[in-house]
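Engineer: Here's a structure for you.
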Amino acid sequence: MPLLWLRVATVLYGVGLIHAILMLRQRGERSGRIAAPAVGLGMVFHFVSLVETASFYGYAALLTIRHAESALALIIALIFTGLYLRYKTASPAAFIFPLIFMLTFASAIAQHSVTISSSSIFGGWILFHVCTLIFGYAMLFLSFVSSLLYLVLSRQLKRKQTSSWAARMPALQEIDQLGYRALLLGFPFMTIGLLAGSVVAEERFGAAFATDPKVLLSLLMWGLYLVLLYTRWSAGLRGRKAAYMASFAFLIAVCAWGANYLSKLHRFIAP
Amino acid sequence: MNFFVLGVNHKTAPVEVRERFAISESRLPEALGKLTSMSGVEEGMIVSTCNRVEIFARSANGDCDLQKFVREYFGFVAGEYEQYIFEHQQLEAVKHVFRVASSLDSMVVGESQILGQVKEAYATARALGAVNSQLDQLLTRAFAVAKKIRSETAIASSSVSIASVAVELAEKIFGSLAGKSVYLVGAGKMCELAARHLIAHGARKIYVGNRTYDRAVALAEKFEGEAIPFDRLYDTAPWADIIISSTGAPHAIFRKEHGEKFLHIRKNRPMFFIDIAVPRDIDPALNDLDGIFVYNIDDLQQVVQSHIGDRRKEAGRAELMVEEEVRKFEQRAQTADVVPTIVSLQQHLENLRQAELDRVRGRLGTLSPEQEMAVEALTRGIINKIMHTPITTLKSAARDAESTTVVDVVRKLFNLRSERPAEPETPPDPPAPPPPAPAPLQDQAAMTTSASPARANQDQK
């Protein structure tokens, strides 16, 4: 059943994705009436799917990469809802919904035969590591989306162009602040999550884990995160440069996430 | 439905003609009194604004000479200003009222002032009793249509003046303008106007820099701002989030290197430059800097034009909505035209029923309550059956615009009174024909009581 609910949620998110694309093409006034309830309903099904997964297989089931992706998608959908309620705009949907849809779709088509051996889990450490990092990734993604919105709106303002899609965006300074706050909020989670993971990895693999590509990319991502925050705080780095940097940090984060599929040491439980 | 509209507006008459027709607020009661005392005018209302002077009226018999009112009230001779006056009747008048209230007939389509002005004129006329029946319904409907158009189209969603566009852009950059500071460079009228708009939207601090310091002081005093000597311009400019420049300098006074310095001091917090000077005060290269946005007078004008274009597109949708609303209004009004006849018919047959019952009651002897109910049900059933077809025919005829003939026929057939009874709020439903098979006496009585003409008359009262 959890898989069925997840697939229903994927279809409903698909409606949100179509609406987001129509909005970019200056259409979508009518689809908006269907998309908002569809996405809301999708989130309910999505939540039910995760709760059922946790109750059937235990919380450790969330450690499979597919369920981690599913949880990340739900957190991003919740963040989008928060933005929608705060700024009364669905403009970020154009950047957010492709990812939500991709993550839920990937999770929904995967085989879900979850078998978890207790020896693969070091108490609650890995669960803590995964949960904090999922939140950290979600915040980094929000910062990335803010960067894209900033670049689009800034470009339109400088070129003296107005599209109805951009006209519905929050103000430039609000977008900038949003990206900065997402970084501020996400950084502690990312740091704690990486530390927790390092402790477990050191315990299991010894010094060998430090040369794993996944670990190296994660460290690079964390370093960029730190530089981004520091330059913003000390030199007031904002605007286009900050947006480019946040985009680069997110690109590295995507690589670090993707390295889960390549790493020999750092693996989620088999999907 | 005998509605009339006559007047002059910005489309038909220049200002020197419109001002001859203007009726001040203090003279409005007197004008309305004269209008409604004219023969044929049942209700009337006058809208007098800088862009239009229009008279809305309703006549009971379709005879309403508003031209005569205009001649007599303003003292014009016959034919004078005739070419500037427009006149609409019946559905065209209804459509015009809807369009005016919805701001589709305004100089700046979508502006919100006209709705308030029409509402004020309506309130005045209503208070004086000049609007009390069908014209009241027309105006109430017009306000609802205007509201619907404003909420369902984007006709009024964008700014169409230079100053309001400047505010809109500033809000797009900074979000709320609360607490933002504005620097006026030069003390021109446009600067002042833009500053007023920004302050109205929350801007807090105003700095004024001008080559003539006294003028800077005078303008700063108006806004409780701070005058800055012109030689301190580059040191103080980074204090402001928004800079409006309108000096008469022959060359740019803000160049790229200034912008870089400002951004460094402001830790890259954005700045919005509005250049309303010709020749321009701000080097366009400043716009290339990340965090600085420069709009000159042409850029602002371009945004205004684009918004006007958007409004025009939306106006097309709004016109279709008006057409639809006029059609609905016509249908309602046509049904209302036959309502008095339906009510008279119901009353007439009910009187006949009561009279016949009274006549035969002596011969029936004493009846038990059940028998009383059975007789009531029987007689009402017969009357309802007789009335069903004429009422249905009247209602369908009303929609087919042949109501006058059918009304006359029905009135003659049933010998109804020629004077019309007071109109009920909603048209009564035709009585349901009695069931083909006789039902048990009690049930039948219960069924027919609810559709009785007496009940309809009670509702009417």
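Taken together, the values in this text are just the output of simple stated rules run on the coordinates, not laboratory data. What you are looking at is a predicted structure, and each value in this text was computed from that prediction instead of being measured. When we count neighbours, we look across all protein chains shown, and the Cβ atoms used for this are built from the backbone with ideal geometry, even at glycine.
Engineer: Might you report the magnitude of the Cβ-based charge dipole of segment B:3-152 about its Cα centre, with Lys and Arg at +1 and Asp and Glu at -1, to the nearest 20 debye?
Structural biologist: Numbers: 17 positive and 19 negative charges, 89 e Å.
That gives a dipole near 420 debye.
Engineer: Could you list log10 I(q)/I(0) for segment B:70-135 at q = 0.17, 0.24, 0.28 Å⁻¹, which the Debye formula gives when each Cα is one point scatterer?
Structural biologist: Debye intensities relative to I(0), on a log10 scale: -0.87, -1.12, -1.09.
Engineer: Using the Kirkwood formula on the Cα atoms of chain A, what hydrodynamic radius do you get, in angstrom to one decimal? Don't skip to the end; give the middle numbers.
Structural biologist: On the way: mean 1/r = 0.0515 Å⁻¹.
When all Cα pairs of chain A are included, the Kirkwood radius is 19.4 Å.
Engineer: Spin-label point model (7 Å from Cα, Cβ direction): what's the A:L4 to B:K119 distance in nm?
Structural biologist: 5.4
Engineer: Just counting partner chain Cβ atoms within 10 Å, what average do the residues of peptide B:172-178 show around their Cβ?
Structural biologist: On the way: counts 12, 7, 4, 9, 3, 1, 0.
Other-chain Cβ atoms within 10 Å of each residue's Cβ, averaged: 5.
Engineer: Going by C-beta contacts inside 10 Å, put A:T132, A:T104 in order with the fewest on the left.
Structural biologist: Numbers: A:T132 21, A:T104 29.
In order of increasing Cβ crowding within 10 Å: A:T132, A:T104.
Engineer: Shielding by partners for A:159-168, please: the mean number of other protein chain Cβ atoms within 10 Å of each residue's Cβ.
Structural biologist: Numbers: counts 1, 12, 3, 9, 0, 4, 0, 1, 6, 0.
Partner Cβ neighbours, averaged per residue: 4.
Engineer: Compute the whole-percent fraction of alpha carbon pairs in segment B:312-416 spaced more than 19 Å apart.
Structural biologist: Working: 3234 of 5460 pairs.
Taking all Cα-Cα pairs of segment B:312-416, the fraction more than 19 Å apart is 59 percent.
Engineer: May I pose another question? Measure off 7 Å from each Cα along the Cα-to-Cβ vector at B:K189 and B:L128, then give the distance between these two points in nanometres to one decimal.
Structural biologist: Placing both labels 7 Å along Cα→Cβ, they lie 3.5 nm apart.
Engineer: Would you please calculate the Kirkwood hydrodynamic radius of segment B:162-290 over all C-alpha pairs and express it in Å, rounded to one decimal?
Structural biologist: Values: mean 1/r = 0.0696 Å⁻¹.
Evaluated over segment B:162-290, this radius sits at 14.4 Å.
Engineer: About the Cα centre of chain B, how large is the charge dipole given +1 on each Lys and Arg Cβ and -1 on each Asp and Glu Cβ? Please answer in debye to the nearest 20.
Structural biologist: Working: 55 positive and 61 negative charges, 96 e Å.
Around 460 debye, computed over chain B.
Engineer: Shifting gears a bit: Based on Cα positions only, what radius of gyration and what Dmax would you give for segment B:39-165, in angstroms?
Structural biologist: 15.8, 50
Engineer: What number does segment B:219-293 give for Rg over Rh if you use C-alpha atoms and the Kirkwood radius? Walk me through the numbers on the way to the answer.
Structural biologist: Numbers: Rg = 12.3 Å, Rh = 12.9 Å.
Here the Rg-to-Rh quotient is 0.95.
Engineer: Any chance you could give the angle, 0 to 90 degrees and rounded to 10, that helix B:90-101 forms with the longest Cα principal axis of chain B?
Structural biologist: The angle comes out at about 30 degrees.
Engineer: Expected output is a single nm value to one decimal: the length gained when fully extending between B:T12 and B:A144, i.e. 0.36 nm times separation in residues minus the C-alpha distance. What is it? Could you put the intermediate results ahead of the total?
Structural biologist: Details: separation 132, 0.36 × 132 = 47.52 nm, distance 2.68 nm.
Extending this stretch completely gives an extra 44.8 nm.
Engineer: Further, regarding this structure: What list do you get for A:M221, A:M23, B:M45 if you sort them by fewest beta carbons within 10 Å?
Structural biologist: On the way: A:M221 25, A:M23 21, B:M45 29.
Listing A:M221, A:M23, B:M45 from fewest to most nearby Cβ atoms yields A:M23, A:M221, B:M45.
Engineer: A follow-up question, please. Considering the options B:H264, B:P238, B:N210, tell which one lies farthest towards the positive end of the dipole of segment B:188-271, charges being +1 on Lys and Arg and -1 on Asp and Glu at the Cβ, about the Cα centre.
Structural biologist: After comparing all options, I get B:H264.
Engineer: Starting from the Kirkwood Rh over alpha-carbon pairs, what translational D in µm² s⁻¹ does segment B:105-161 have by Stokes-Einstein at 25 °C and 0.890 mPa s? The partial results should precede the final answer.
Structural biologist: Details: Rh = 12.5 Å.
Once the numbers are plugged in, D ends up at 196 µm²/s.
Engineer: In a Debye calculation with equal point scatterers on the alpha-carbon sites of the protein assembly as shown and no solvent, what is log10 I(q)/I(0) at q = 0.08, 0.12 Å⁻¹?
Structural biologist: Reported log10 I(q)/I(0), two decimals: -0.90, -1.23.
Engineer: Mind giving me the nanometre distance, one decimal, between the label points for A:F128 and A:F47, set 7 Å out from Cα along Cα→Cβ?
Structural biologist: Using points 7 Å along Cα→Cβ, the separation is 2.7 nm.
Engineer: Starting with the fewest neighbours, write out B:S164, A:S163 ranked by other beta-carbon atoms found within 10 Å of each beta-carbon.
Structural biologist: Working: B:S164 18, A:S163 12.
Ascending Cβ contact count within 10 Å gives the list A:S163, B:S164.
Engineer: Among B:H10, B:S59, B:I282, flag the residue with its Cα farthest along the positive direction of the charge dipole of chain B, charges on Cβ as +1 for Lys/Arg and -1 for Asp/Glu.
Structural biologist: Ranked along the dipole, the leading option is B:S59.
Engineer: What do you get for the angle between helix B:134-152 and the principal long axis of chain B? Use alpha-carbon atoms, 0 to 90 degrees, nearest ten.
Structural biologist: Orientation of helix B:134-152: about 50 degrees from the principal axis.
Engineer: Of all the Cα-Cα pairs you can form in chain B, what percent are over 30 Å apart?
Structural biologist: The proportion of pairs with Cα distances above 30 Å equals 64 percent.
Engineer: Helix-derived [θ] at 222 nm for chain B: sum -39500 (n - 2.57) over DSSP H runs of at least 4, divide by residue count, nearest 500? Before the final figure, lay out the partial values.
Structural biologist: On the way: 16 runs with 248 residues, N = 461.
One gets -17500 deg cm²/dmol as the mean residue ellipticity at 222 nm.
Engineer: A follow-up question, please. Nearest-5 percent of antiparallel DSSP beta bridges in the protein assembly as shown?
Structural biologist: Working: 18 of 42 bridges.
Percentage antiparallel, nearest 5: 45.
Engineer: Let me check I have the definition right: for segment A:120-271, take the eigenvalues of the Cα gyration tensor, multiply each by 5, take square roots. What are those semi-axes in whole Å, largest first? Don't jump to the answer; show the numbers that get you there.
Structural biologist: Working: eigenvalues 235, 42, 34 Å².
Semi-axes (√(5λ), whole Å): 34, 14, 13.
Engineer: For segment A:1-111, what is Rg from Cα atoms divided by 2.2 N^0.38 Å, rounded to two decimals? Please list the in-between numbers first.
Structural biologist: Working: Rg = 13.9 Å, N = 111, 2.2 N^0.38 = 13.2 Å.
Dividing the Cα Rg of segment A:1-111 by 2.2 N^0.38 Å gives 1.05.
Engineer: Can you give the net charge of the other residues whose Cβ lies under 15 Å from the Cβ of A:L184, counting K and R as +1 and D and E as -1?
Structural biologist: Values: positive: A:R181, A:R232, A:R238; negative: A:D176.
In short, +2.
Engineer: When you look at the Cβ of every residue in B:283-290, what mean number of other chain Cβ atoms sits within 10 Å? It would help to have the intermediate numbers written out before the result.
Structural biologist: Working: counts 0, 0, 0, 0, 4, 1, 3, 8.
Mean shielding count: 2.
Engineer: Going by alpha carbons, how many degrees (0 to 90, nearest 10) lie between the helix axis of B:162-174 and the longest principal axis of chain B?
Structural biologist: For B:162-174 against chain B, the angle is about 80 degrees.
Engineer: With the convex hull built on the Cα atoms of segment B:214-373, state its orientation-averaged projected area in nm². Working shown, then result.
Structural biologist: Working: hull surface 92.9 nm².
Answer in nm², one decimal: 23.2.
Engineer: Still on this model: Using unit Cβ charges (K, R positive; D, E negative) and no other charged atoms, how large, in debye to the nearest 20, is the dipole of the protein assembly as shown about its Cα centre? Mind showing how you got there, number by number?
Structural biologist: Values: 77 positive and 69 negative charges, 392 e Å.
The calculation lands at about 1880 debye.
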